[in-house]
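Remarks on the structure that follows.
The values are calculated or read from the model by the stated rules, or taken from the named source; none is laboratory data. Note that this is a predicted model, so its numbers are computed, not measured. Every residue, glycine among them, receives a Cβ derived from its backbone with ideal geometry; neighbour counts consider all protein chains shown. What goes into the accessible areas is simple: the full protein's heavy atoms, side chains included, and nothing from ligands, DNA or RNA. Shrake-Rupley method; radii C 1.70, N 1.55, O 1.52, S 1.80 Å.
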Amino acid sequence: MSRLESDYYAFMGYDSERARDGLSHYVQFFPTGPVLELACGRGEFLDLLRDAGVEAAGVDLDEGMVERALARGHDVTLGDAVEHLETRAAGSLGGVFCAHFLEHLMPDGVQRVFAAAARALRPGASFVAAVPFAGSLSILGHDFWRDPTHVRFYDPMLLAFFAAQAGLEVAESGGNPRNSPGPPPPTFPMEFAPGPSLRDSLAGLAQSARAVYNAPPSGSRRHRHDAATATVTDARAELWEHVVHLLSELDQRIQVAQHHNAVLRTAYTNLLAQLYPPSEVYVVARVPAEENQT
């Protein structure tokens, strides 16, 4: 027996309410009991099953975890979760659940869990196993190895293999949408509001300059003095025409740059979504229902 995991949870300040929110995704897979939760911890999932009216019990090797679960009023046993599951009568359980337990075991231990679950579950009942996802960079490179009791990752495909070996059928697998921290905020590019085009403002500036300096309409022949029309053009009008032209070119390039920035930001955000998928994945393995006929 040990208190290492419960002491670690207390040291890290893990929040029970947040844990319940993430675990709530799995309640749907257990319409009836009794359900046995392996490595039930402080009892957050047992809370959810009780609220749903589903009979459930738990087992955990950590004395501190069991004390907290018992304080919540749950039926929890202190002991080895795998050995406890192996003592359950064949076909006696309406479900088996474990979250963040299998990564504490070596492969032979995981095989024992699947085999014991397949024997203890009644036909059509489910064994749901949730594990950290190595495809999430934040989990792979940071969170996973902080826990002193973690042994290795288990990919959903590998869990499906263990399920098949035990005679279970995989009904569903995927990422838990309620346990997805996403990329850390500093990795996102800063939000910005693209500036509007200056086209109308520059056109107004050019018109004002022509009015002040008696310039001919844009595109007409510029001249100092035209005897036929007796119109005198100030040399500064031509300068203003050049200034407006240069500003127009600059405005167009700014608009193009802003468009490219938006495209790159979208692509970068999509890349982050791929690099930081849900941090938790699960497999739902069921005892074939046709066993009811045997």
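Exactly one condition in (1) among the acidic types (Asp, Glu); (2) at pLDDT 95 or above; (3) within 19 Å of residue 131 (Cα to Cα) is false for residue 5; which is it? Single failed check for residue 5: (2). Is it the case, given these coordinates, that residue 70 is surrounded by fewer than 18 Cβ atoms within 10 Å (Cβ to Cβ), among the hydrophobic types (A, V, I, L, M, F, W, C) and either within 30 Å of the chain's Cα centre (by Cα) or closer than 19 Å to residue 45 by Cβ (or both)? Here the answer is yes, as residue 70 does meet what is asked. When each of 182, 175 is tested for being at pLDDT 70 or above, within 57 Å of the chain's Cα centre (by Cα), of a type in the set (Gly, Ala, Ser) and surrounded by 13 or more Cβ atoms within 10 Å (Cβ to Cβ), the lone residue that passes is 175. Only one of the numbered conditions (1) loosely packed, with under 15 Cβ neighbours inside 10 Å; (2) in contact with a helix residue (DSSP H, G or I) (Cβ under 6 Å, 6 or more places away or on another chain); (3) within 26 Å of residue 14 (Cα to Cα) is violated by residue 90, and that is (3).
Take segment 109-125 and flag every residue that is farther than 24 Å from residue 4 by Cα and open to solvent by 20 Å² or more (accessible area, probe 1.4 Å).
If the condition is that a residue be farther than 24 Å from residue 4 by Cα and open to solvent by 20 Å² or more (accessible area, probe 1.4 Å), then 111, 115, 118, 119, 122, 123, 124 are the ones that fit.
Tell me the residue from 114, 153 that is at pLDDT 90 or above and part of a loop (DSSP other than H, G, I, E, B), please.
153
Would you confirm whether or not segment 192-210 contains a residue that is modelled with pLDDT under 75 and within 30 Å of residue 136 (Cβ to Cβ)? The answer is yes, given that some residue of segment 192-210 is modelled with pLDDT under 75 and within 30 Å of residue 136 (Cβ to Cβ).
Number of residues in segment 1-42 that are assigned to a loop (DSSP other than H, G, I, E, B) and either open to solvent by less than 60 Å² (accessible area, probe 1.4 Å) or under 22 Å from residue 122 (Cα atoms) (or both): the value is 10. For segment 126-148, does any single residue satisfy the condition of being surrounded by 14 or more Cβ atoms within 10 Å (Cβ to Cβ), of a type in the set (Lys, Arg) and not in a loop (DSSP other than H, G, I, E, B)? No, segment 126-148 contains no residue that is surrounded by 14 or more Cβ atoms within 10 Å (Cβ to Cβ), of a type in the set (Lys, Arg) and not in a loop (DSSP other than H, G, I, E, B). In segment 79-94, the condition of being outside any loop (DSSP other than H, G, I, E, B), modelled with pLDDT under 95 and closer than 23 Å to residue 24 by Cβ is met by no residue.
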